[in-house]
Amino acid sequence: MIRQLRSMPNLLTLLRLFFIPFIIIAIVDHRALLALGLFIVAGVSDALDGLLARLLHQRTKLGEYLDPIADKLLLSSLFLVFSLTHRVAWRITVLVFSRDILMLVIGAVLYMTNTVRDMRPSLLGKLATAVQVGALGLVLLADVSPEAQGILAVKRFALRATVVLTVLSGMHYMFLIAQRLRSQAPPRTGAAA
């Protein structure tokens, strides 16, 4: 476990976790430029940890769990703070949280019951996460340049896309779980004729 923690990709993931409270403090203190800068650094560390894991052949079991946890903590924390500070509508935050909690609970139950062990994110799930990241970045950018109408328009579009993709990816996740559970169910034996 200690050796896995020392791998460069996992250290970058831990760095991303370390940044979360400082991003939140910068947002609450109305230091938009600092918050945006820290958010960009966190995003770069996310891209780098995946790239380094592949290039250095340092994929670890710990990293498989730690990376999505760091992503979800960052995104969920920012959605919550932005809703508390009236920058993002609560309904968006509730949808994001609901999907993530649903995925976490179902994934944990399936893992603990040894039902389904491999729950890699789908393409739709990755797209939803990417749009969420983009939307949050645009919220921060709009704080830095509140007079830029173009940024505000793109931010509104990104938040609408976040709603649609969050709902669709949640439904897709449920469909994939049902499909995997059906494929693992033992075949029914019919009565002898």
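Scan segment 101-120 for residues that are closer than 22 Å to THR166 by Cα and modelled with pLDDT under 75 and the total you get is 3.
Yes/no matrix, rows are residues, columns are (1) of a type in the set (Gly, Ala, Ser); (2) buried (at least 17 other Cβ atoms within 10 Å of the Cβ); (3) under 14 Å from TYR173 (Cα atoms); (4) at pLDDT below 90:
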site: SER77; (1), (2), (3), (4): yes, no, no, no
site: VAL81; (1), (2), (3), (4): no, yes, no, no
site: LEU138; (1), (2), (3), (4): no, yes, no, no
site: ALA142; (1), (2), (3), (4): yes, yes, no, no
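Screening PHE18 with (1) surrounded by fewer than 17 Cβ atoms within 10 Å (Cβ to Cβ); (2) touching a Ser or Thr at 6+ places or on another chain (Cβ under 7 Å); (3) not hydroxyl-bearing (Ser, Thr, Tyr) gives one miss only, at (2). Residue pairs whose Cβ atoms lie under 6 Å apart, separated by 6 or more positions or on different chains, with the first residue in segment 132-153 and within 14 Å of LEU75 (Cβ to Cβ) and the second among the aromatic types (Phe, Trp, Tyr), are VAL139/PHE82; LEU140/PHE39. Every listed requirement among (1) among the hydrophobic types (A, V, I, L, M, F, W, C); (2) modelled with pLDDT under 80; (3) under 21 Å from HIS86 (Cα atoms) is met by LEU34 save one, (2).
The values are calculated or read from the model by the stated rules, or taken from the named source; none is laboratory data. All values reported here derive from a predicted model rather than from experimental measurement. With ideal geometry, Cβ positions are generated from the backbone for all residues, glycine too; neighbour counts draw on all protein chains shown.
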